[in-house]
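Notes for the one structure printed next.
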Amino acid sequence: MLISLNKISKVYHMEEVDVPALRGVTADIAAGEFVAIMGHSGSGKSTLLNLLGCLDRPDEGTYLLDGEEVSQLNSDELARIRNLKIGFVFQNFNLLPRTSALENVELPLYYGPRISSHERRQRAADLLTRIGLKERLNHHPGQLSGGQQQRVAIARALVNNPPLILADEPTGNLDSRSSEDIMALFQELNRDGITIVMVTHEPDIAHFAKRVITMRDGEIV
């Protein structure tokens with residue numbers, strides 16, 4: 001099992017009020033799955049994705065990622081997990097505006113095992129070519145459409161060959177045609193064996209996944 005959550009709870013302390021975000025969530029996600037997480041605002045889906053991505057820790061419960069208990073790791077250990085095992089795709093792309101598509105994709109490789117600049121560039125170029133941006137390697141984000149920018153972000157998420165991609169509303173800033181193109185790309189990546197967990201509030205986008213988890217009030221329903 002790639003992801004195993006057991007009785008995960010998370011409470012946010014806001015001034016004098018405690019706000020439960022997750023209430024004893026238990027779930028398993030096998031390697032090779034494509035899972036969509038749905039729910040209204042405040043349902044806990046984004047908190048759950050942050051915990052899956054080792055961007056936050058649960059207050060209670062255990063989280064095994066690829067067989068490793070990660071819920072109690074320190075900041076440096078969590079950073080190592082994020083770099084080696086997880087690729088992130090965000091709604092707002094989060095690309096560096098003054099660097100090329102190629103340089104944006106290369107960026108995570110600077111934080112992993114040392115490789116030559118030639119290998120970094122080649123790996124980034126191969127990924128961008130694979131996802132249909134061969135003619136856009138040296139374009140800056142401002143010279144790309146929204147769909148192209150999201151493809152660059154996906155290539156960046158893939159460059160370290162992680163077993164898991166986490167996507168937070170990946171089509172939220174895209175038109176319907178670009179959204180369908182991005183979801184078709186996700187399906188292709190999933191067929192290649194990459195596990196994808198995606199948060200979305202759009203039912204038509206969730207239908208691209210193989211399984212849908214629905215959340216309400218911090219629980220899986």
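Since every read-out is calculated from the coordinates, none of them should be taken as a lab result. Treat the numbers as computed from the prediction; the structure is a model and nothing was measured. As a convention, Cβ positions derive from the backbone with ideal geometry for all residues, glycine included, and neighbour counts pool all protein chains shown.
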Which of the residues that make up the stretch 100-125 are surrounded by 14 or more Cβ atoms within 10 Å (Cβ to Cβ) and farther than 30 Å from Glu77 by Cβ? Ser100, Ala101, Leu102, Ala125
Could you grab me the full set of residues in the stretch 28-61 that are more than 13 Å from Lys10 (Cβ to Cβ), surrounded by 15 or more Cβ atoms within 10 Å (Cβ to Cβ) and free of Cβ contacts under 8 Å to residues at least 60 places away in the same chain? Cys54
Residue among Val89, Val25, Val11 that is touching a residue at least 24 places away in the same chain (Cβ under 8 Å) and under 15 Å from the mean Cα position of the chain (by Cα): Val89
Of the residues that sit in the stretch 13-33 and are among the charged types (D, E, K, R) and in a strand (DSSP E or B), which one is nearest to Pro58 (Cα to Cα)? Arg23
Among the residues of the stretch 69-79, is any under 22 Å from Gln150 (Cβ atoms), out of contact with any Phe, Trp or Tyr (no Cβ under 7 Å at 6 or more places or on another chain) and without any contact (Cβ under 8 Å) to a residue 40 or more places away in the chain? no
Within the stretch 176-221, track down each residue that is within 16 Å of Leu49 (Cβ to Cβ) and either assigned to a loop (DSSP other than H, G, I, E, B) or free of Cβ contacts under 8 Å to residues at least 40 places away in the same chain (or both). Thr200, His201, Glu202, Ala209, Gly218
